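Encoded as structure tokens, the structure appears first; notes follow it.
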Amino acid sequence: MNFAERLGRIDRRIVFAFIAVVVIVPFFLPLSILSRVSPEAQRLFDAVEDIRPNDKPLLISIDFDPQSMPEIYPMLEALLRHAFARDVPVVVMALWVTGVGLGELALNQVAPEYGKEYGRDYAFLGWKPGFAAVVLGMGRSIPETYPTDQYDTPLDELPVMQGVRNYDDIPLAISLSAGDPGVMTVWIPYVQARFGQDLGAGVTAVSAADAYPFLQSGQLTGLLAGMKGAAEYEFLIAEAGYTEAATPAIQAMDSQSMAHLAIILLIVLGNASFILTRKRK
Amino acid sequence: MKQALPRLLCLVAGVVMIVQFFVPHGVSETLFSESLRWVRIISAFALILGVRSIIAHHGTRVRRRTAGWVYSAVTLTAMVVSTFIGLFVGKDANTPSLLASGAQTPIPLHMQLLYENIMAPLGATMFSILAFYMASAAYRAFRARNKEATLLLVAAFIVMIGMVPIGAAIWTKFPDVAQWLLNVPNMAAKRGIWFGIALGMIATSLKIILGIERGWLGGGRG
Amino acid sequence: MMAVVLAVLVLVALPAAPDEVRAVDTPNDDGGSITVMWTLSADDAALSAYEVVRVAEDGDEEVVAVLPAGVSRCVDEGMPDGRAFRYRVNAVLGDTLRATSALSEPAVSRAQWFNTRRVNVLVALLLFGALILYFIGTARKGKKLFIRRIAGLDAVEEAVGRATEMGRPILYVPGLAAISQISTIASLNILSEIAKKTATYASDLLVPNRDPIVYTVASEMVKEAYAEVGRPDVFRKESVFFVSEDQFAFAAAVNGIMVREKPATICLIGMFWAESLILAETGATTGAIQIAGTDQISQLPFFVTACDYTLIGEELYAASAYLARDPLLLGSLKGQDWGKLVILLILVVGSGLLLVSGVKGLEFFRAIYEFFSVA
């Protein structure tokens, strides 16, 4: 096997090792090359920016689990920071039972940064079985669907929930979604289409392509697509001076950039070998 | 008779659900959410069959000492341990269980802990393997064999570089071109496939409701 | 005297009242709601708000909504069905000045039994259903129907033969979704055909499952398939088994089976998510022939890259008809194709109508166009 042929048959393990190196190195040598924000991330940021402070709450639904945490969890943190910095009340719920722990984790992390108090500035409704019945019920009455919050406190005892009857009192709902039930299978058909709720979303990169048509049709107000979307939101809130917290997604984007370059390099090598060996034949 | 009853049930349920879609009355919505609840209850019962299958499958492997029986033993142990913890120790530190009805469980090893420290990292590891597999699959498959493959290659190149910040750093127009490729040619093709899928779904549903397609009941059709 | 002057001053400062207040039962809902519409006040730009006031039959009044200027519609929800209410809209200037409209005609809220906004869906459903039934009818009469070749399905025979020659099993994964997904049912139909072939050749079949209901159905189907070709003796109960409901635990287990058992053929057919490439790429490393099929568009690129054959979207649904060559099922495929032609026509006509409706004087074409949009 000559050199050209060898280029086309690099051992799988070498490919894996190469990818591991290019992913790990940027963690220690950050490049911070993010300089541009996509219009869909900007639109979500603007939608949160338009919510009146100390008035009706922003609703965030945690529709993901620890497996998609690297991509979506930074979005949750960034959104909470944005809302809390602007004194916008926040109501968090989960359509995935495995997302409840993540919601608690993020609220416990971010709320103290802004001196926010549970019940007064934010509430956590937790998870309820039967996602379709839950979101449809919320359109009728949130306190009837969730009589108590995650900690068994009746909703009418939480100041943040005063005057919040149904989606009419939710200026914006955001589904952070890693699949089904999520933004495309539940929030758009049941909540946006039925109740005309303004809806934003954060999705994994692999399902972003499926979410774009809803952006074009106006059913989604804004969209964060994968780690890149999370990084863009972190960039936007940092630029607006809302936070000085760490930016895990921006850092992780360096690894992703490098991994993409590495894959392109591998494809180029494969094709160089293919063309050279074909010519010889 | 063995097939007639399920087919009748399928016909009735199918027609009722189609009608439900067109009826905004509260009765229809209650029917819909109630049927979702039924599905959940039935799934819970089916899980018992699943557990029986796991025990039978892996139990046989362990008994016969077939190649790789150790993995089966690990699976069975994990199932017994997590069932025990779930039933007797509890969901998390504050939830009562069969062992402790009070606020605190006597053993600190509850379900949440298992989930956070075993399930979540294992799941994340499996998910992260994707990055490596994508690289090796792309390296193997993306060859400019003919005109179409070359076109695919060029498009993939632009999208890959345009979707990460380094793309914009190399040429500011990369993200725009990538987005255009995704939103226009890619979307057009996808919508075409979607139409086919949607019609295929309706046709298959009709065939099932009307009992033309009976494969799912086991046995012949026709 | 002072009182008269004050009254005149207030009258001069009062904004114009909203006009033509109409109240109607909100259409296409399950009752409990009345929609109120009005013509904006002539002083709309200067207003601070509109107040919508509900007046009951006994004269009880209640402000049900306070809306910003520029809004001319409000849905009043949460009232009892079957009782008449009238509405009044106040134009509010500053904090205190209110100009009151005339009372609307009474409206009664009721639940509807048919959603008129879905007439178009009903029409499409009936049309499409009729097309399919018609072609099934012609097929039943014995008319020969052409079906194009689907490489992935032609490969099934070869794949089973290969497994028999090599003495290795066939691994069939019927997707990760529940039985309620059409793709799962389509996959189970293909499994049934493959099981008949493995039964005939007496080759090994492995069917790992993620969903307990799918597992139960798959198990029954494979057993029936073996019985149907007269080989119930070759059927092994443990060849269809349940693995785990957890997505990645399932993927890990199936990867393990691929590496240990080295199947000659791997079929990944049904609904797959992020694990698609993890399964397909591991399968590729074992050197197995891989046939994939899914209606999850976002997973198709992974399958196309890593597998030998991929059933794209509707090819998956066509598979059972293709493999069984059952005229009734083939007839429905023909109906599907005609349905696609109708959609294509609607797309062209709809785009045309939208273009034409932009021309002044031809705006009514937009109404025809809007008939096709779904609410």
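The values are calculated or read from the model by the stated rules, or taken from the named source; none is laboratory data. This structure is a prediction, so every number in the text was calculated from the model and none was measured. Here Cβ is always computed from backbone atoms with ideal geometry, including for glycine, and neighbour counts include all displayed protein chains.
Please work out if residue C:278 is under 29 Å from the mean Cα position of the chain (by Cα), within 11 Å of chain B (Cβ to nearest Cβ) and at negative phi.
Judged against the criteria, residue C:278 is a match.
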> Residues of segment A:19-42 being modelled with pLDDT under 90 and part of a helix (DSSP H, G or I), which ones?
Replying inline: A:27
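Looking at segment B:62-76, which of the residues that are β-branched (Val, Ile, Thr) and in a helix (DSSP H, G or I) is nearest to the chain's Cα centre (by Cα)? Before the answer, list the steps.
Taking segment B:62-76 and keeping what is β-branched (Val, Ile, Thr), we get B:62, B:66, B:70, B:74-75.
Then keep just the ones that are in a helix (DSSP H, G or I); that gives B:62, B:70, B:74-75.
Numbers: B:62: 29, B:70: 27, B:74: 24, B:75: 21 Å.
Only one residue fits best here, namely B:75.
Being under 23 Å from residue A:229 (Cα atoms) and assigned to a helix (DSSP H, G or I) is the filter; apply it to segment A:192-205 and report the residue that is farthest from the other protein chains (Cβ to nearest Cβ).
Of the residues in segment A:192-205, the ones under 23 Å from residue A:229 (Cα atoms) are A:192, A:197-205.
Narrowing further to those that are assigned to a helix (DSSP H, G or I): A:192, A:205.
Details: A:192: 12, A:205: 8 Å.
Among them, the one singled out is A:192.
Is it fair to say residue A:210 is assigned to a helix (DSSP H, G or I) and acidic (Asp, Glu)? Quick ask: steps written out before the conclusion?
Working: assigned to a helix (DSSP H, G or I): yes; acidic (Asp, Glu): yes.
Answer is yes for this residue.
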>> I need a count of the residues in segment A:34-53 that are among the polar types (S, T, N, Q) and over 15 Å from residue A:82 (Cβ atoms).
In response: 2
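Kindly indicate the residue of segment A:156-191 that is of a type in the set (A, V, I, L, M, F, W, C) and within 12 Å of chain C (Cβ to nearest Cβ) and also nearest to residue A:70 (Cα to Cα) among those meeting that condition. Steps first, please.
Going residue by residue through segment A:156-191, those that are of a type in the set (A, V, I, L, M, F, W, C) are A:158, A:160-161, A:164, A:170, A:172-174, A:176, A:178, A:183-184, A:186-188, A:191.
Adding the requirement that they be within 12 Å of chain C (Cβ to nearest Cβ) leaves A:178, A:184.
Working: A:178: 11, A:184: 21 Å.
Only one residue tops the list, namely A:178.
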> So how many residues does segment B:18-27 have that are at pLDDT 90 or above and part of a helix (DSSP H, G or I)?
Replying inline: 5
>> Need pairs with beta-carbon distance below 7 Å; first residue within 7 Å of chain B (Cβ to nearest Cβ) and within segment A:262-279, second surrounded by 14 or more Cβ atoms within 10 Å (Cβ to Cβ) and outside any helix (DSSP H, G or I); sequence gap 6+ or separate chains.
In response: A:267/B:142; A:270/B:142; A:270/B:143; A:271/B:143; A:271/B:144; A:274/B:143; A:274/B:144
>> Name the single residue that is modelled with the highest pLDDT among those in segment B:120-133 being at the interface with chain A (Cβ under 7 Å from one of its Cβ atoms) and out of contact with any Ser or Thr (no Cβ under 8 Å at 6 or more places or on another chain).
In response: B:132
>> For segment A:240-281, which positions are under 21 Å from the mean Cα position of the chain (by Cα) and among the hydroxyl-bearing types (Ser, Thr, Tyr)?
In response: A:242, A:243, A:247, A:255, A:257
>> Any residue in segment A:1-29 that is free of Cβ contacts under 8 Å to residues at least 24 places away in the same chain sitting within a Cβ distance under 9 Å of a residue that is exposed (fewer than 13 other Cβ atoms within 10 Å of the Cβ) and among the charged types (D, E, K, R)? List the pairs, counting only those 6 or more apart or interchain.
In response: A:1/A:9; A:2/A:280
> Looking only at residues in segment B:77-108 that are in a helix (DSSP H, G or I) and in contact with a helix residue (DSSP H, G or I) (Cβ under 7 Å, 6 or more places away or on another chain), which one is modelled with the lowest pLDDT?
Replying inline: B:86
>> Quick check on segment C:63-78: of everything there that is at pLDDT 85 or above and not in a strand (DSSP E or B), which residue is farthest from the chain's Cα centre (by Cα)?
In response: C:69
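Among the listed residues A:205, A:249, A:193, A:240, identify the single one that is over 29 Å from residue A:131 (Cβ atoms) and out of contact with any Ser or Thr (no Cβ under 9 Å at 6 or more places or on another chain).
Values: A:205 fails: over 29 Å from residue A:131 (Cβ atoms); A:249 fails: over 29 Å from residue A:131 (Cβ atoms); A:193 fails: over 29 Å from residue A:131 (Cβ atoms).
Criteria check complete, one pass: A:240.
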>> Give me the strands (runs of 3 or more DSSP E) completely within segment A:43-153, filtered to those with at least 1 residues that are within 14 Å of chain B (Cβ to nearest Cβ), ordered by residue number.
In response: A:122-127
> Can you find a residue in segment C:93-103 that is hydrophobic (A, V, I, L, M, F, W, C) and surrounded by 16 or more Cβ atoms within 10 Å (Cβ to Cβ)?
Replying inline: yes
> List the pairs whose first member sits in segment B:37-58 and is over 17 Å from residue C:178 (Cα atoms), whose second member is basic (Lys, Arg), and whose Cβ atoms are under 8 Å apart, counting only residues at least 6 apart or on separate chains?
Replying inline: B:56/C:237
> Which of the residues belonging to segment B:141-186 are outside any helix (DSSP H, G or I) and either over 27 Å from residue A:214 (Cα atoms) or facing another protein chain (nearest Cβ under 7 Å) (or both)?
Replying inline: B:142, B:143, B:144, B:145, B:146, B:163, B:164, B:171
> Which members of segment B:30-49 meet the condition of being out of contact with any helix residue (DSSP H, G or I) (no Cβ under 9 Å at 6 or more places or on another chain) and basic (Lys, Arg)?
Replying inline: B:40
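Is it the case that segment C:186-195 has a residue that's over 19 Å from residue B:215 (Cα atoms), of a type in the set (D, E, K, R) and in contact (Cβ under 8 Å) with a residue 24 or more places away in the chain? Reasoning before the result, please.
Our first condition is that a residue be over 19 Å from residue B:215 (Cα atoms); within segment C:186-195, this holds for none.
No: segment C:186-195 contains no residue that is over 19 Å from residue B:215 (Cα atoms), of a type in the set (D, E, K, R) and in contact (Cβ under 8 Å) with a residue 24 or more places away in the chain.
Condition test on residue A:33, is it surrounded by fewer than 24 Cβ atoms within 10 Å (Cβ to Cβ), in contact with a Pro (Cβ under 6 Å, 6 or more places away or on another chain) and touching a residue at least 12 places away in the same chain (Cβ under 8 Å)? Explain how you work it out, then say what you get.
Values: surrounded by fewer than 24 Cβ atoms within 10 Å (Cβ to Cβ): yes; in contact with a Pro (Cβ under 6 Å, 6 or more places away or on another chain): yes; touching a residue at least 12 places away in the same chain (Cβ under 8 Å): yes.
Yes; evaluated as a whole, the condition is true for this residue.
Residues are listed down the side, and each one gets a yes or a no for (1) more than 19 Å from the chain's Cα centre (by Cα); (2) surrounded by 18 or more Cβ atoms within 10 Å (Cβ to Cβ); (3) aromatic (Phe, Trp, Tyr):
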| position | (1), (2), (3) |
| --- | --- |
| A:46 | no, no, no |
| A:83 | no, yes, no |
| A:94 | no, yes, no |
| A:124 | no, yes, yes |
> Do we have residue C:353 as among the hydrophobic types (A, V, I, L, M, F, W, C), within 11 Å of another protein chain (Cβ to nearest Cβ) and surrounded by 15 or more Cβ atoms within 10 Å (Cβ to Cβ) here?
Replying inline: no
> Quick check: is even one residue across segment C:23-38 of a type in the set (D, E, K, R) and modelled with pLDDT of 90 or more?
Replying inline: yes
> What number of residues in segment C:104-128 are among the charged types (D, E, K, R), within 23 Å of the chain's Cα centre (by Cα) and surrounded by 15 or more Cβ atoms within 10 Å (Cβ to Cβ)?
Replying inline: 1
>> I need the full set of residues from segment B:43-55 which are more than 7 Å from chain C (Cβ to nearest Cβ) and closer than 13 Å to residue C:243 by Cα, in order please.
In response: B:48, B:51, B:52, B:55
> Just a yes or no: is a residue in segment C:306-317 β-branched (Val, Ile, Thr), out of contact with any Ser or Thr (no Cβ under 6 Å at 6 or more places or on another chain) and farther than 16 Å from residue B:197 by Cβ?
Replying inline: no
